[in-house]
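Asks: Before we start, here is the structure in question, set down as structure tokens.
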Amino acid sequence: MRVAILDDYQQVSLASADWSAVRSLGQIDVFAEHITRTEALVSALEPYDVIVAMRERTPFDADRLGQLPRLRLLVTTGMGNAAIDIAAAADRGVTVCGTAGTGSATAELTWGLILALLRHIPEEDQRLKQAGRAGGAALGFSGGWQRTVGTGLDGKRLGVVGLGHQGRRVADIGRAFGMKVVAWSQNLEPDVAKKARVKAVSKEELFSSSDVVTVHYKLSPRSAGVVGVAELALMKPSAYLVNTSRGPLVDGAALLAALRSGSIAGAALDVYDIEPLPLSDPLRSAPNVVLTPHLGYVTEETYKVFYGDAAEDIVAFAQGSPVRVLSASLCCAGCLPVRVAAGQGEGALEGRRVLRWFDGVGEALVLAEEFGLGLDDVR
């Protein structure tokens with residue numbers, strides 16, 4: 001068995017878990033650099049029986065899967081991956097398994113970005129360091145000391161777009177800062193909002209009244225561009241937008257125009273339409289924006305779970321008893337949604353995560369009632 005671990009940018013995959021059981025089965029190769037072109041990717045991966053994909057960094061559509069005849073197991077970190085064509089994998093006899101994750105990392109980064117943005121932390125940090133390197137001469141007597149005026153959070157309104165697992169965590173922290181929290185999503189029920197101790201409002205009210213808008217929505221064809229020209233136009237000139245969910249949820253051109261015109265105060269982004277973010281992308285030079293390279297899930301704790309479960313997935317598959325299956329060769333098209341193996345019912349899902357096909361597209365929805373899970377288990 002040959003195993004390929006993809007997109008290990010920090011080269012920490014092998015140190016993050018015990019791979020000894022996998023090594024006893026065959027060879028493990030780590031790819032630290034992202035491979036963009038399909039031709040190069042297929043050439044590199046053709047010899048492998050197992051591929052471990054890190055989130056959506058490398059897509060596997062029907063075309064790519066069709067050019068990997070040796071592939072038998074595709075492991076994705078997390079219990080869902082919009083960049084993998086699950087149906088095509090099933091058609092080709094490729095089993096797709098997921099892993100657990102940690103629930104707090106993205107919410108924590110969200111608040112790091114909010115504070116960095118509103119208090120101008122990156123700007124002040126760089127100014128102090130620049131002054132030190134220049135001996136203060138280039139920046140005057142003060143040496144770049146205290147040039148911005150920040151915005152406080154206490155008493156401000158936080159608008160949460162998408163009140164799922166991450167949205168609720170972000171809302172909890174917002175209340176700890178003394179913020180007034182409101183939320184909107186297409187299917188948000190007032191009782192769910194009340195349980196989360198937030199106020200459910202219309203989309204228009206959220207964008208027009210919030211001081212900070214933070215996006216925690218599932219990406220699908222229906223939700224792409226959920227924050228567009230109209231929504232940005234509703235925002236106050238003093239308001240900020242934060243996106244740690246998925247890049248295409250926000251209309252990039254509209255956001256860039258809003259930043260350049262000053263119609264909103266600023267934005268903080270951890271996700272982009274294209275990742276890694278191209279060097280030529282205008283966001284890299286946009287005003288009043290804080291950028292991070294999709295760090296939401298990138299913590300030691302998360303990686304230990306991701307890679308530990310990935311190793312377990314491989315061993316279980318080799319033993320003929322795959323775990324955390326999102327799609328298996330025995331799952332036929334037209335049965336239950338291909339992300340839920342045939343025959344799985346109440347209490348039978350590995351990882352306690354439910355994904356469902358909706359309008360022919362893999363979209364995570366709240367389906368607690370359908371599978372007998374708690375609301376916290378399905379996001």
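The values are calculated or read from the model by the stated rules, or taken from the named source; none is laboratory data. Model, not experiment: these values are computed from the prediction. Every residue, glycine as well, gets a Cβ built from its backbone with ideal geometry; the counts of neighbours run over all protein chains shown.
Asks: Looking at the stretch 206-231 only, could you name the residues that are surrounded by 16 or more Cβ atoms within 10 Å (Cβ to Cβ) and either without any contact (Cβ under 8 Å) to a residue 24 or more places away in the chain or hydroxyl-bearing (S, T, Y) (or both)?
Replies: S208, S209, S210, T214, Y217, S220, S223
Asks: Quick test for you: out of A90, A131, pick the one residue that is crowded, with 22+ Cβ neighbours inside 10 Å and more than 25 Å from Y297 (Cβ to Cβ).
Replies: Values: A131 fails: crowded, with 22+ Cβ neighbours inside 10 Å.
Exactly one residue qualifies, and that residue is A90.
Asks: Continuing with the same structure: Find the strands (runs of 3 or more DSSP E) located wholly in the stretch 258-328 whose residues include 3 or more that are surrounded by fewer than 21 Cβ atoms within 10 Å (Cβ to Cβ) and not charged (D, E, K, R), and list them. Walk me through how you get there before you give the answer.
Replies: On the way: elements: 266-269, 289-291, 325-327.
In the stretch 258-328, no matching strands (runs of 3 or more DSSP E) lie anywhere.
Asks: Additional query: So for the stretch 32-46 (the condition being at pLDDT 95 or above, of a type in the set (S, T, N, Q), surrounded by fewer than 21 Cβ atoms within 10 Å (Cβ to Cβ) and under 22 Å from A318 (Cβ atoms)), does at least one residue qualify?
Replies: No: the stretch 32-46 contains no residue that is at pLDDT 95 or above, of a type in the set (S, T, N, Q), surrounded by fewer than 21 Cβ atoms within 10 Å (Cβ to Cβ) and under 22 Å from A318 (Cβ atoms).
Asks: Also, I was wondering about something else. Looking at G136, G143, which one is surrounded by fewer than 16 Cβ atoms within 10 Å (Cβ to Cβ), farther than 30 Å from S13 by Cβ, modelled with pLDDT under 95 and touching a Gly at 6+ places or on another chain (Cβ under 6 Å)? Break it down stepwise before answering.
Replies: Working: G143 fails: surrounded by fewer than 16 Cβ atoms within 10 Å (Cβ to Cβ).
Of G136, G143, the one residue that is surrounded by fewer than 16 Cβ atoms within 10 Å (Cβ to Cβ), farther than 30 Å from S13 by Cβ, modelled with pLDDT under 95 and touching a Gly at 6+ places or on another chain (Cβ under 6 Å) is G136.
Asks: Can I ask one more? I'd like to verify a number: residues in the stretch 19-68 that are touching a residue at least 12 places away in the same chain (Cβ under 8 Å), under 15 Å from R2 (Cβ atoms) and not in a helix (DSSP H, G or I), how many?
Replies: 16
Asks: Would you point out which residue out of G80, G93 is assigned to a loop (DSSP other than H, G, I, E, B) and under 20 Å from the mean Cα position of the chain (by Cα)?
Replies: Numbers: G93 fails: under 20 Å from the mean Cα position of the chain (by Cα).
Just a single option satisfies the conditions, and that option is G80.
Asks: Kindly evaluate D91 against the criterion of being touching an Asp or Glu at 6+ places or on another chain (Cβ under 6 Å) and more than 21 Å from D309 (Cβ to Cβ).
Replies: Numbers: touching an Asp or Glu at 6+ places or on another chain (Cβ under 6 Å): no; more than 21 Å from D309 (Cβ to Cβ): yes.
Against the criterion (touching an Asp or Glu at 6+ places or on another chain (Cβ under 6 Å) and more than 21 Å from D309 (Cβ to Cβ)), D91 does not qualify.
Asks: Is it the case, given these coordinates, that A100 is crowded, with 17+ Cβ neighbours inside 10 Å and without any contact (Cβ under 8 Å) to a residue 40 or more places away in the chain?
Replies: Judged against the criteria, A100 is not a match.
Asks: Of the residues V201, V181, V170, V149, only one is modelled with pLDDT of 95 or more, under 26 Å from Y272 (Cβ atoms) and in the same structural domain as L117 (by TED's automatic domain parsing); which? Lay out the reasoning, then the answer.
Replies: Values: V201 fails: under 26 Å from Y272 (Cβ atoms); V181 fails: under 26 Å from Y272 (Cβ atoms); V149 fails: under 26 Å from Y272 (Cβ atoms).
Exactly one of V201, V181, V170, V149 is modelled with pLDDT of 95 or more, under 26 Å from Y272 (Cβ atoms) and in the same structural domain as L117 (by TED's automatic domain parsing), namely V170.
Asks: Looking at this structure, is W184 closer than 28 Å to G228 by Cβ and in contact with a strand residue (DSSP E or B) (Cβ under 8 Å, 6 or more places away or on another chain)?
Replies: Values: closer than 28 Å to G228 by Cβ: yes; in contact with a strand residue (DSSP E or B) (Cβ under 8 Å, 6 or more places away or on another chain): yes.
Spelling it out, W184 is indeed closer than 28 Å to G228 by Cβ and in contact with a strand residue (DSSP E or B) (Cβ under 8 Å, 6 or more places away or on another chain).
Asks: Another question, then. If you take the residues of the stretch 47-85 that are hydrophobic (A, V, I, L, M, F, W, C) and modelled with pLDDT under 95, which of them is surrounded by the fewest Cβ atoms within 10 Å (Cβ to Cβ)?
Replies: In the first step, residues of the stretch 47-85 are kept if they are hydrophobic (A, V, I, L, M, F, W, C); the result is 50-54, 60, 62, 65, 68, 71, 73-75, 79, 82-84.
In the following step, the residues that additionally are modelled with pLDDT under 95 were identified as 79, 82-83.
Numbers: M79: 23, A82: 19, A83: 13.
Among those that are hydrophobic (A, V, I, L, M, F, W, C) and modelled with pLDDT under 95, it is A83.
Asks: Here's another thing I want to ask about it. Report yes if some residue within the stretch 126-135 is of a type in the set (D, E, K, R) and in the same structural domain as S16 (by TED's automatic domain parsing); otherwise report no. Please lay out each step first, then the result.
Replies: Filtering the stretch 126-135 down to residues of a type in the set (D, E, K, R) leaves 127, 129, 133.
Now drop any that are not in the same structural domain as S16 (by TED's automatic domain parsing), which leaves none.
No, there is no match, as no residue in the stretch 126-135 is of a type in the set (D, E, K, R) and in the same structural domain as S16 (by TED's automatic domain parsing).
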